[in-house]
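A short worksheet on the structure shown next.
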Amino acid sequence: MSLSSPPRSPSSRLAMGSWQRTPTLRRWSPAAAWRPAMDPRWWRWVASTDSLTARLIAASPQPFRVRLLEQGIGVPRRDEAQALGLAPGRVAWIREVLLMSGERPWVAARSVAPLTRSGCRSLRALGERSLGSWLFAQPDLERGPIELSADHQGVWLRRSRFRHGRIQLLVQERFLGQMAADLELPPGT
């Protein structure tokens, strides 16, 4: 991938490594399929359709911030390309960030958008601002169903497709163990 990379701290390497270890084809299921086995405290986080940024700001005892890890043009993973209806090997705009409570990483997020002039310009301009704060301010925002997965460490992952005008993107969020510990949430799975 030809992504531009700001310097990484140990916490960013930890979260990024989790995206890099993700298999090229992850199994995703509708959120409702996971509900019977999920603790209600987790369900409120992973199944919410409002802004995750707003929820994190409200729950964080420290100032909320976004740490940009990488962004640029690259080849999406197979499951990402399938979700967006992209041909295998086609490039897209990819952005990876950490959503932080102070210096503690709570969520690793990865966004993938097919290349369009307006979409890339809007996403590139975000820098270390939250994608959610921009997305949820769009009056024509459409959100697809939430899909969930879990990794071998019991951490929940969710994804949704969004559409705003001609911009389409896949937003994936990995809830990290640090968030679970700080908010006293039970193990994910």
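The values are calculated or read from the model by the stated rules, or taken from the named source; none is laboratory data. Quantities reported herein were computed from a predicted structural model and do not represent experimental measurements. Cβ coordinates were reconstructed from backbone atoms using ideal geometry, including for glycine residues, and neighbour counts include every protein chain displayed. Keep in mind that these areas ignore ligands, DNA and RNA; they rest on the heavy atoms of the full protein, side chains included. Shrake-Rupley method; radii C 1.70, N 1.55, O 1.52, S 1.80 Å.
In whole Hz and in residue order, list the ³J(HN,Hα) couplings for the stretch 161-178 that follow from phi through the Karplus curve 6.51 cos²θ - 1.76 cosθ + 1.60, θ = phi - 60°; x for Gly and Pro.
9, 10, 9, 9, x, 8, 8, 10, 8, 10, 10, 10, 10, 10, 7, 8, x, 4
Net charge near Val46, counting Lys/Arg +1 and Asp/Glu -1 over other residues with Cβ under 12 Å of its Cβ?
+4
Please list the non-local residues whose amide H lies under 5 Å from the amide H of Glu70, H modeled 1.01 Å from N, same-chain partners needing a gap of 5 or more.
Glu96
Taking 0.36 nm per intervening residue step and subtracting the Cα-Cα distance, what contour gain separates Arg55 from Ala125 on full extension?
22.9 nm is the gain from fully extending Arg55 to Ala125.
How much length is gained on full extension from Ala181 to Ala37, taking 0.36 nm per residue of separation minus their Cα-Cα distance?
49.8 nm
List every residue whose amide H lies under 5 Å from the amide H of Leu176, counting only residues 5 or more places away in sequence or on a different chain, with H placed 1.01 Å from N in the peptide plane.
Sorted by chain and number, the residues that satisfy this are Val107, Ala108.
Taking only protein heavy atoms and a 1.4 Å probe, what accessible area per residue, in Å², does the stretch 19-109 have with all protein chains in place?
48 Å²
I'd like the distance separating the alpha-carbon centroids of the stretch 67-107 and the stretch 143-187, in whole Å.
Spelled out, the Cα-based centre of one part sits 12 Å from the other.
Mean separation of Cα pairs under 8 Å and 6+ residues apart, divided by the residue count of the stretch 70-173: what relative contact order is that in percent?
The normalised contact order for the stretch 70-173 reaches 24 percent.
Within 10 Å, count the other beta carbons around each residue, average over each peptide in 35-42, 50-57, and list them highest first.
Descending mean neighbour count gives 50-57, 35-42.
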